[in-house]
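The values are calculated or read from the model by the stated rules, or taken from the named source; none is laboratory data. Given the structure is predicted, the values throughout are model-derived calculations rather than measurements. Cβ coordinates were reconstructed from backbone atoms using ideal geometry, including for glycine residues, and neighbour counts include every protein chain displayed.
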Amino acid sequence: MPPYNVIQRIGFGGRLVLLAILEAVFYGVRAWDAGQHAWLLFCDPRILLFFVVEARGGPADPPTAASWAAVGLLAGLGIGVVRGWRWLGVYIVVEGLYAVLFLAFVALVLASHLSSPFHDFSIRVLLIPVLVFLFVSALPLWFAVRLWFPLGIRRSLP
């Protein structure tokens, strides 16, 4: 990798750690809030993990242990990205997998709304998690992919 990308990689890893800290603060507020503001659930950066835990019959009080584990994983990947290129690839795989699953979740909600508009999760409410996903997951993933591919390969991509 070119040397100028090393500085960008270190900066990106630092931003991932900062993002993990912000997620931890959000989860701390959610835990302290104790359900008084239920609408904060839709601002959860890892809302899909909450629904997976709830569907499996686990404790549905947000933030779940899976949410806290995701914060630890993000912080660990951020530190790993600062230390080496290999961890940037791991981040792309992990965040890419979450992105695909989240988009499948959105598609299922949209499909269920088309079949029966009378269910608990409306399309209007879905807008907030999608916007949070774009800023917390999709945008960093896009930057990571751009950083992973050298400039010459990036120019040949459509």
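Just a few scattered comments:
- Pairs meeting the criteria (first residue in region 89-114 and without any contact (Cβ under 8 Å) to a residue 12 or more places away in the chain, second residue of a type in the set (Gly, Ala, Ser), beta carbons under 8 Å, at least 6 apart or on different chains) are 113/122.
- Failed item in (1) within 26 Å of residue 144 (Cβ to Cβ); (2) surrounded by fewer than 16 Cβ atoms within 10 Å (Cβ to Cβ); (3) aliphatic (A, V, I, L, M); (4) at pLDDT 85 or above, with residue 52 passing the rest: (4)
- Number of the condition not met by residue 1 [criteria: (1) modelled with pLDDT of 85 or more; (2) farther than 26 Å from residue 106 by Cα]: (1)
- Within region 106-158, tally of residues that are modelled with pLDDT of 85 or more and charged (D, E, K, R): 1
- Within region 61-93, the residues that satisfy the criterion of being among the β-branched types (Val, Ile, Thr) and in contact with a helix residue (DSSP H, G or I) (Cβ under 7 Å, 6 or more places away or on another chain) are 64, 71, 79, 81, 82, 90, 92.
- Only a single criterion out of (1) farther than 19 Å from residue 149 by Cα; (2) surrounded by 14 or more Cβ atoms within 10 Å (Cβ to Cβ); (3) basic (Lys, Arg); (4) over 18 Å from the mean Cα position of the chain (by Cα) is not satisfied by residue 46, namely (4).
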